[in-house]
Amino acid sequence: VSWAEMDMGIEKPEGLGKLTNLRTLHRFVVCDDKGDTKGCDIRELKDLNKLQGELSIQGLGGTRKAIDCARHAQLLKEKHGLISLEFYFGITGGVSEQSGTSEQSNDEQSGALEALEPPLWLECLEICDYKGKMSVWHLNTEYTKLHSLNLERCHLWEKLISITSLKVLNVINCPALCEIASTPALESLKVEECCSLEQLPHHMPALNWLDVALCGSLEQLPHHMPALKSLMVWARDSLKALVKMPALESLEVSYCDGLEHLHDMPALKSLMVQRCDRLKTLADMPALESLE
C-alpha cells in the first residue's frame, strides 16, 4: 500500500496507524497538542513497521504530550525498510507557523529526538530547526550504512562523532558545534555559520568538495586533502594562506581579508577571487583556464 501522493499537511486522516501494511509514506505532519494544526498524532507511526524508502516527519516542534507518551515506544527503530529520514522541528515543518501554538523547550525537543531513534541501516539523515542537545543514539557507532548527514539550525549540537561510512556532510547554522571527528570516507563537506568550530578534521583523504562560509573561529584548513578538487571559502578573516592542494581544479575565495598568499596549484583550472584585499601574490598555476 502506498500513500505517496497524499499531502499529510492538508488532510488529517484518522486511524492512519491501523494501516499496518503501508509501505510508502513520504511525508508525515505532526499535529500540535491542541489539534490546531492539521496532521496526525505521532504515535500513529508506531505500528507502521513495513514502511520503506524515505520518510519526512514535519511539525515536531509543536507537540509535547504525544512525544512524551511515545518516548519509549521505538517509533522508528524497528522500521527496517526506511533508508532516509528527515526530522523538521519547526511547528509546521517550516511552512508557516501558527499563532498561539506553544513550542517545546530544549529538553522536550531532546526527548522528542530520542523517541525517533532511527534503524541502524539508515543511509540518509536530516535534522532541521532542532533546539535540543545531541541525541544519545547519535553516539552509536553501529550506523555503518549512513552515508549522508545534514544538520541545519541545530543550535545546541556540540560535536559530530566519527562515522566511518559517511560520504556527505552538511552542517549549517549550528553555533555550538565545536568538534567534527575524523571521517576518512568523507567526499563532500559543507560547513556554514558554525561560529564555535575552530578546526576541521585533519584526516580527510577522500574529500573532493569543500565549502566553508562564515565560521569566524576556524583558524586554518586541513593539510591532508590530497583528493580535493573544489574549494569555496567565504568570510574567513583569519585565513592568511591556503595549504598545498595538488588535485584542486576549482577555487573560489570571497571576503577573506587576511589571505595574502596562494601556493602552487598545478591542477587548478578555475579561480575566482572576490574582496580579498591583502592578496599579494598568485603562485604558479599552469593549468588555469578561467580567472575572475
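The values are calculated or read from the model by the stated rules, or taken from the named source; none is laboratory data. Every value quoted in this text rests on a predicted model; they were computed, and no experiment measured them. Every residue, glycine as well, gets a Cβ built from its backbone with ideal geometry; the counts of neighbours run over all protein chains shown.
Residue 113 meets the conditions (1) surrounded by fewer than 21 Cβ atoms within 10 Å (Cβ to Cβ); (2) under 18 Å from the mean Cα position of the chain (by Cα) in every case but one. The failed one is (1).
Entry remark, the range 227-268: residues being under 19 Å from residue 204 (Cα atoms) and touching a Lys or Arg at 6+ places or on another chain (Cβ under 7 Å) number 4 in total. Looking at the range 121-130, is at least one residue surrounded by 17 or more Cβ atoms within 10 Å (Cβ to Cβ), in contact with a Phe, Trp or Tyr (Cβ under 7 Å, 6 or more places away or on another chain), touching a residue at least 24 places away in the same chain (Cβ under 8 Å) and among the β-branched types (Val, Ile, Thr)? Within the range 121-130 (the criterion being surrounded by 17 or more Cβ atoms within 10 Å (Cβ to Cβ), in contact with a Phe, Trp or Tyr (Cβ under 7 Å, 6 or more places away or on another chain), touching a residue at least 24 places away in the same chain (Cβ under 8 Å) and among the β-branched types (Val, Ile, Thr)), the answer is yes, since at least one residue qualifies. Which one of 238, 270 is under 21 Å from residue 180 (Cβ atoms) and of a type outside the set (A, V, I, L, M)? Unique residue meeting the criteria: 238.
Residue-by-condition table, conditions (1) at pLDDT below 90; (2) in contact with an Asp or Glu (Cβ under 7 Å, 6 or more places away or on another chain); (3) of a type outside the set (Gly, Ala, Ser); (4) surrounded by fewer than 16 Cβ atoms within 10 Å (Cβ to Cβ):
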| position | (1), (2), (3), (4) |
| --- | --- |
| 156 | no, no, yes, no |
| 159 | no, yes, yes, yes |
| 167 | no, yes, yes, no |
| 171 | no, no, yes, no |
| 176 | no, yes, no, no |
| 181 | no, no, no, yes |
| 189 | no, no, yes, no |
| 193 | no, no, yes, no |
| 196 | no, no, no, yes |
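Per this entry, residue 180 is not counted among residues that are touching a residue at least 12 places away in the same chain (Cβ under 8 Å), in contact with a strand residue (DSSP E or B) (Cβ under 8 Å, 6 or more places away or on another chain) and farther than 20 Å from residue 224 by Cα.
None of 201, 119, 205 is more than 16 Å from the chain's Cα centre (by Cα), in a loop (DSSP other than H, G, I, E, B) and under 23 Å from residue 61 (Cα atoms) except 119. Checking the range 124-133 against the condition returns a match, with at least one residue being in contact with a helix residue (DSSP H, G or I) (Cβ under 8 Å, 6 or more places away or on another chain), of a type in the set (A, V, I, L, M) and modelled with pLDDT of 80 or more. Given the criteria within 24 Å of the chain's Cα centre (by Cα), surrounded by 15 or more Cβ atoms within 10 Å (Cβ to Cβ) and of a type in the set (A, V, I, L, M, F, W, C), does residue 215 qualify? Here the answer is yes, as residue 215 does meet what is asked.
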